[in-house]
Amino acid sequence: IGGDKMPNWCVNTLRVSFRHPDALVEFMKDVESEEAFLDFERIAPAPEHLRDNGDWYCENWGTSGNAYNSYRTRVNDRIAVYDFYTRWSPPVPILERLAELYPHGHFRLSYWESGAGFSGWVSSSGKSHYNNRYRGRKGG
């Protein structure tokens, strides 16, 4: 996906909240790995036979690769914020998967991609807002 082209980086912020502090702790254990604070492979793992298939990642993650340069800030015992980059587009399917896996949580993904000039946010409650909505192919 994207060939030899250098990707435009999409800047993302994922705000996660739960009513119960224990649920946030479990969530962090589930989505974080030794390599990253936010690891898409732990949320929507690619089937082994499709690991080299860029189309699978674009369809299931909304981007052609894992979260890059992720960082977590724990706001309090019920809220955490993850800042990270993705290639070309926001990982909306990851937000949708999180909402399925954690129905008692609330998730809001804000994003901005300066190369193609689009930004917006989407939440697990189904609300969203777009500025100059990206209409291209997911992931590049």
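Quick one: would you say ILE94 is surrounded by 18 or more Cβ atoms within 10 Å (Cβ to Cβ), under 23 Å from ASN131 (Cα atoms) and aliphatic (A, V, I, L, M)?
Yes; evaluated as a whole, the condition is true for this residue.
Residues ASN76, ASN60: which one is polar (S, T, N, Q), more than 23 Å from GLY120 (Cβ to Cβ) and either touching a Lys or Arg at 6+ places or on another chain (Cβ under 9 Å) or surrounded by fewer than 18 Cβ atoms within 10 Å (Cβ to Cβ) (or both)?
Just a single option satisfies the conditions, and that option is ASN76.
Does TYR82 satisfy being surrounded by 14 or more Cβ atoms within 10 Å (Cβ to Cβ) and either at pLDDT below 95 or not acidic (Asp, Glu) (or both)?
So TYR82 passes the test.
Among the numbered criteria (1) β-branched (Val, Ile, Thr); (2) touching a helix residue (DSSP H, G or I) at 6+ places or on another chain (Cβ under 6 Å); (3) modelled with pLDDT of 95 or more, which one does VAL11 miss?
(2)
Is one or more of the residues making up the range 18-37 assigned to a strand (DSSP E or B) and more than 15 Å from the chain's Cα centre (by Cα)?
Scanning the range 18-37, I find at least one residue that is assigned to a strand (DSSP E or B) and more than 15 Å from the chain's Cα centre (by Cα), so the answer is yes.
Checking TRP88 against (1) over 20 Å from GLY126 (Cα atoms); (2) under 14 Å from the mean Cα position of the chain (by Cα); (3) at pLDDT 95 or above, which single condition isn't satisfied?
Among (1) over 20 Å from GLY126 (Cα atoms); (2) under 14 Å from the mean Cα position of the chain (by Cα); (3) at pLDDT 95 or above, the lone unmet condition for TRP88 is (3).
Where the second residue is part of a loop (DSSP other than H, G, I, E, B) and surrounded by 11 or more Cβ atoms within 10 Å (Cβ to Cβ) and the first is free of Cβ contacts under 8 Å to residues at least 60 places away in the same chain and of a type in the set (D, E, K, R) and lies in the range 40-51, which pairs have Cβ atoms under 8 Å and are six or more apart or on separate chains?
GLU41/SER33; GLU41/ASN66; ARG42/GLU32; ARG42/SER33
Only one residue in SER110, SER124, SER128 is surrounded by 17 or more Cβ atoms within 10 Å (Cβ to Cβ) and free of Cβ contacts under 8 Å to residues at least 60 places away in the same chain. Which one?
SER124
Name the residue that is least open to solvent (accessible area, probe 1.4 Å), counting only residues in the range 11-48 that are among the polar types (S, T, N, Q) and closer than 30 Å to GLY117 by Cβ.
This residue is ASN12.
What do you reckon, is ASN69 among the polar types (S, T, N, Q), in a strand (DSSP E or B) and open to solvent by 50 Å² or more (accessible area, probe 1.4 Å)?
Against the criterion (among the polar types (S, T, N, Q), in a strand (DSSP E or B) and open to solvent by 50 Å² or more (accessible area, probe 1.4 Å)), ASN69 qualifies.
The values are calculated or read from the model by the stated rules, or taken from the named source; none is laboratory data. Here the structure is a predicted model, which is why all the values come from computation and not from measurement. Methodologically, a virtual Cβ is constructed for each residue, glycine included, from the backbone with ideal geometry; neighbour enumeration extends over all protein chains shown. Note: areas computed on protein heavy atoms with side chains; ligands, DNA, RNA excluded. Shrake-Rupley method; radii C 1.70, N 1.55, O 1.52, S 1.80 Å.
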